[in-house]
């Protein structure tokens, strides 16, 4: 380990890049590896000498980005920037329409199946949600939760306090569950979100225990990308742009809170960030429509001055 050199790091970097690993991932991994070696080079209590005399890669840095990589990174960041924008009212309406049409499509298909000899199937007409994806989608838009965390939700995560008549959703994000500084999210369940959970619960048998969303076939956790097939159909039915990622619900949730002036640390606590730095760096910007209105106002002031000058000049 103490014989590592820049050639070794360069070989590792190029090999990983060739496999399609993102530079941001390599930067993070290299930083963690360097930190580990720094620790190994420190004297430990009760040990005569450190594991390593020096960190052999202490002064080594990763190769600079090529011009092509810089262009790709800029394009990637631009895409992320648009994904973090607040949904327009039109997009929100398209999503609502898509969900409604998907619900009706499923009910219509079930009626047809029953009419053609499959009388053992449950009629979906009187159900609020004919498919698990619909409440799954509503939870994503109302909480900003990552899909992986929604998949892992259990009814036990919903805790009711009889003293204040308040239900709270309490869970640890899967992304940070193994970290030493992992923190629980405590999300108030009120209004529309409460209606979603209550309505879905009313449709379930033994709903007070176990996974909120589970496979009908295995009775276990759904496959982690199971929602994408249904999201694709909802977008097509509602006329939503095909490029809108399901993960954008999380971005929109954060952006909406930022636009309403909610403190950054409060938002961080709701979405499972350890601090507000990521939100401050990526979400604290004016909505484009607000910016356009502000610029029009400034231009209007100058135009007023021009009118005054022409009138009294």
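FYI, it's all coordinate maths here, none of it is from the lab. Computed from a prediction, not measured in an experiment: that's the story for all the values here. Cβ atoms come from the backbone with ideal geometry, glycine included; neighbour counts cover every protein chain shown.
For 231, 132, which order do you get if you count the other beta carbons within 10 Å of each Cβ and list the fewest first? Kindly include the intermediate steps, with their values, before the conclusion.
Values: 231 24, 132 20.
Ordered by Cβ neighbours within 10 Å, fewest first: 132, 231.
Mind ranking 148-158, 214-224 by how tightly packed they are, going by the mean number of other C-beta atoms within 10 angstrom, highest first? Don't skip to the end; give the middle numbers.
On the way: 148-158: 17.5, 214-224: 11.7.
Packing proxy ranking, top to bottom: 148-158, 214-224.
What's the exposure ranking of 247, 129, going from fewest to most Cβ atoms within 10 Å? If you can, show how the numbers build up before the last one.
Working: 247 12, 129 20.
Final ranking by Cβ density, sparse to dense: 247, 129.
Could you check the spin-label model distance between residue 39 and residue 10? Points 7 Å from the Cα along Cα→Cβ, value in nm.
Taking the simple label geometry, residue 39 and residue 10 are separated by 3.0 nm.
Peptides 17-28, 234-245: what's the order by average Cβ count within 10 Å, highest mean first? Intermediate results must be reported in sequence, preceding the final value.
Working: 17-28: 11.5, 234-245: 15.2.
Final packing ranking: 234-245, 17-28.
For 246, 33, 136, what ranking results if the residue with the fewest other Cβ atoms within 10 Å of its Cβ goes first? Each step should come with its number before you reach the end.
Details: 246 19, 33 14, 136 25.
Listed from fewest to most nearby Cβ atoms, that is 33, 246, 136.
Over all alpha-carbon pairs of the stretch 89-281, lay out the pair-distance distribution in 10 Å bins, whole %, shortest bin first.
Cα pair-distance distribution for the stretch 89-281, in percent: 8, 31, 37, 18, 5, 1.
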